[in-house]
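Data first, discussion second: the structure below is written as structure tokens.
Read-outs: derived from the displayed coordinates by stated rules, not from any lab. Note that the coordinates shown come from a computational prediction; the quantities given were computed from them, not determined experimentally. Every residue, glycine among them, receives a Cβ derived from its backbone with ideal geometry; neighbour counts consider all protein chains shown.
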Amino acid sequence: MEGLRRIKLVLAYDGTNYCGWQVQPNGMSIQEMLQKHIEELTGEKIMLTGASRTDSGVHALGQVAVFDTTKIWPAERFVPALNQRLPKDIVIQSAEDVPMDFHPRYQNTLKTYEYRILNRRVPLPNERLNSYFVPQNLDLEAMQKAGREIIGTHDFHNFCSLKTNVQSTVRTITDLTLTKEGDMICLRIRGDGFLYNMVRIIVGSLLKVGFHKKTAEDIRRSLETEERYVVGPTAPPQGLTLVNIEYLE
């Protein structure tokens, strides 16, 4: 269509009150809420496409989405115009023009996720929506050792949901760190792509190591075997945040 342009948005959101990024029949999604307000603002029917389909309850600081419009406003005008309309748990961080063939999912990217674990005897109410409360003692050094096994290029078929439908489960993890400040353990992981529930299963597996119920060798075996060998459960969603998406040349 003549005069059509593509706008790239970077947005942050608290996923607590949403059924995830993608439109769902069972509740309000981030995509649906944002798409609705873009259509009200532009007066156009649009299709919003996101880079990462975060699950219900998962948060984001750097989600990326694009839409096409014929409006000739400067791209940065979409930031205050949308933020005035959106609920306070969704905030546009930036907006810019991108080429019409730019697709947020089909590019070479590095994604960074963070998972926060509140490790203390009793919970903190102000942390309940953005961390996972674990009252048992955790061996952080053992978790760090096991985490190093995950770095590199591996077949992560044992670290994804059975509902995962992809051509290949091979992914490359470039960095994985586990740090502790006060009572908060923070896992930060960076890679070229993540499978459905992959980060949360990695966290669940490392927690098993922290409880001394599994070892780094179990993590290594799960990466090397072709059999179904899942070390740990899927950790809850509220501790997970999509930190950023880096688009590579």
**OP:** Per residue of the stretch 106-112, in order, report the coupling 6.51 cos²θ - 1.76 cosθ + 1.60 (Karplus, θ = phi - 60°) as ³J(HN,Hα) in whole Hz, putting x for Gly and Pro.
**Re:** 9, 9, 6, 9, 10, 10, 10
Original post:
Roughly what % of DSSP beta bridges within the chain run antiparallel, to the nearest 5?
Top reply: 90
Original post:
Roughly how many nanometres apart are two label points built 7 Å out from the Cα toward the Cβ at ASP192 and VAL122?
Top reply: 4.9
Original post:
Quick one: Karplus J couplings for the stretch 55-60, per residue in order, coefficients 6.51, -1.76, 1.60, θ = phi - 60°, nearest Hz, x for Gly and Pro?
Top reply: 7, 4, x, 7, 9, 8
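When a footprinting reagent is the concern and you count Cβ atoms within 10 Å, what order do LEU34, LEU223 take, fewest first? Before the final figure, lay out each step's value.
Working: LEU34 25, LEU223 18.
Taking fewest neighbouring Cβ atoms as first place, the list is LEU223, LEU34.
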Subject >> Modelled FRET efficiency - R0 25 Å, GLU44 with ARG77, Cβ distances, 0.05 increments >> reply: 0.95
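If you rank LEU4, LEU242, LEU124 by fewest surrounding Cβ atoms within 10 Å, what's the result? Walk me through the numbers on the way to the answer.
Working: LEU4 9, LEU242 25, LEU124 12.
Final ranking by Cβ density, sparse to dense: LEU4, LEU124, LEU242.
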**OP:** Determine the calculated [θ] at 222 nm for the chain from helices alone, applying -39500 (n - 2.57) to every DSSP H run no shorter than 4 residues and normalising by the residue count; nearest 500 deg cm²/dmol.
**Re:** -6000 deg cm²/dmol
**OP:** Have a look at LEU138, THR169, PRO125 and report the one farthest towards the positive end of the charge dipole of the stretch 103-182, computed about the Cα centre with Cβ charges (Lys/Arg +1, Asp/Glu -1).
**Re:** PRO125
Subject >> Karplus 3J(HN,Hα) series, Hz, for the stretch 10-15 with 6.51 cos²θ - 1.76 cosθ + 1.60 (x for Gly, Pro) >> reply: 10, 9, 10, 7, 8, x
**OP:** Using R₀ = 22 Å, calculate the FRET efficiency as 1/(1 + (r/R₀)^6) where r is the Cβ-Cβ separation of ASP183 and THR16; round to 0.05.
**Re:** 0.55
Original post:
Considering the values [x] -0.30, -0.69, -0.94, -1.08; [y] -0.40, -0.86, -1.10, -1.19; [z] -0.34, -0.73, -0.95, -1.05, which represents log10 I(q)/I(0) by the Debye sum over Cα atoms at q = 0.08, 0.12, 0.14, 0.15 Å⁻¹ as calculated for the structure under consideration?
Top reply: [z]
